[in-house]
1. With the chain treated as a Gaussian network of Cα nodes joined by springs under 10 Å, which of Gly176, Gly93, Gly80 yields the largest mean-square fluctuation?
2. With an 8 Å Cα cut-off and a minimum separation of 6 or more residues, compute the relative contact order for the stretch 1-123 in percent.
3. Of the DSSP beta bridges with both residues in the stretch 185-344, give the percent that are antiparallel, rounding to the nearest 5.
4. Treating the angle as unsigned and between 0 and 90°, give the value, to the nearest 10°, between the Cα long axis of helix 299-318 and the longest Cα principal axis of the chain.
5. Near Lys236, which aspartates and glutamates are there with a Cα under 14 Å away, not counting those fewer than 8 places off in the same chain?
6. What percent antiparallel are the DSSP beta bridges of the stretch 104-290, to the nearest 5?
7. Of the listed values (1) 121; (2) 156; (3) 146, grab the one calculated as volume of the Cα convex hull per residue in Å³ from the structure here.
8. Rounded to the nearest 10 degrees, what's the angle between the helix 334-343 long axis and the longest principal axis of the chain, both from Cα atoms, 0 to 90?
Amino acid sequence: MPSRVFVTRRIPKPGLDLLAAAGVRTRIGQTDDETAVPRAVLEDGVRWGGVLVSLLTEPVDAALLALNPRLLGVANCAVGYDNIDVAAATALGIPVSNTPGILTDSTADFTWALLLAVARRVPEGDAYVRAGRYKLWGVNLMLGADVSPGGSGQRKVLGVIGYGRIGAAVARRAAGFEMDVLAYDPEARARIDADPGVAWAELDDLLAQSDFVTLHPALTDRTRHLIDARALRRMKRTAYLINVARGPVVDEAALVAALRGRRIAGAALDVFEREPALAPGLLECDNVVLAPHMASASVDTRGRMAAAAAENALAHLRGERAPNVVNSGVYETAAYRERTAAGG
């Protein structure tokens, strides 16, 4: 087997250690965590490697995949894989894999961190103290919104859009805050109906009733700009929007307008529509919390993601079914058989 793996950008050590232990030669395209990989480096690496290990920041398109007739697979070190042209990969006989399940709890935890941060104005309070403005405690200082029943005794409503592993994990955590939970996901209606403590709601109803709306859908043509100006108008003026899914699920320009006009109380974003660029005006909004796509960024979780990507890469190299293949039908194609024969 071609024992060479091209890693677009450095992944955590557990993944690199697994590849080294298997005797695989590894080339890393970019070791600077804050610098994108130039297209020429990507192309050279794909030509060199037997398998491509990519991150969601690198576009793996049909032209890139076609550069190496011996490329045996793409192992994305992420759950999402919208950076990869999976249809083109399948047509070329190339299996594509991802790293699902591993980051569920870390991402659900971070969803709640963002929700609490924006509701209770934690970043604002931190900045206020650091700026030397905290001179005297006051009863009107940094008034935010309760997440639990709080002072009013009124149970809050959490609306969960996208009810896969992460959405369900976020919903489970709501019990600790005595919240009522609504969920919307056309592909998970049966699972929602079977989940105690969670009620199905159509999208418009969920938006209208929820005090907090968290987003967890995959990015598809159907979910792109799912939260647009119309959807934001459906939300309560006292409601908060939290996005840890993919940036284009939200029309960011419409969100900026809603935040500026106080049509919703606030938002917290871990992802952005044209990441890492932000929509004009977003930085100037004082009712939004911004994070650099860090929902899965715990040492344990990112290390296990890297190891899973490496395990997938090794399976690709051996011509075996990868543990987390996303286009499993590729293994039955003539293109795959021809490619593995050439690779071997």
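What follows is calculated from the coordinates using simple rules that are stated; it is not laboratory data. All values derive from a computational prediction rather than experimental measurement. Note that we place each Cβ from the backbone using ideal geometry, even for glycine, and neighbour counts take in every protein chain shown.
1. Of Gly176, Gly93, Gly80, the Gaussian network model singles out Gly176 as fluctuating most.
2. Once divided by the residue count of the stretch 1-123, the mean separation gives 20 percent.
3. 10 percent
4. The helix 299-318 is inclined about 30 degrees to the chain.
5. Excluding near neighbours in sequence, the set is Asp204, Asp205, Asp211.
6. Antiparallel bridges: around 5 percent, rounded to the nearest 5.
7. Answer by label: (3).
8. Rounded to the nearest ten degrees, it is 60.
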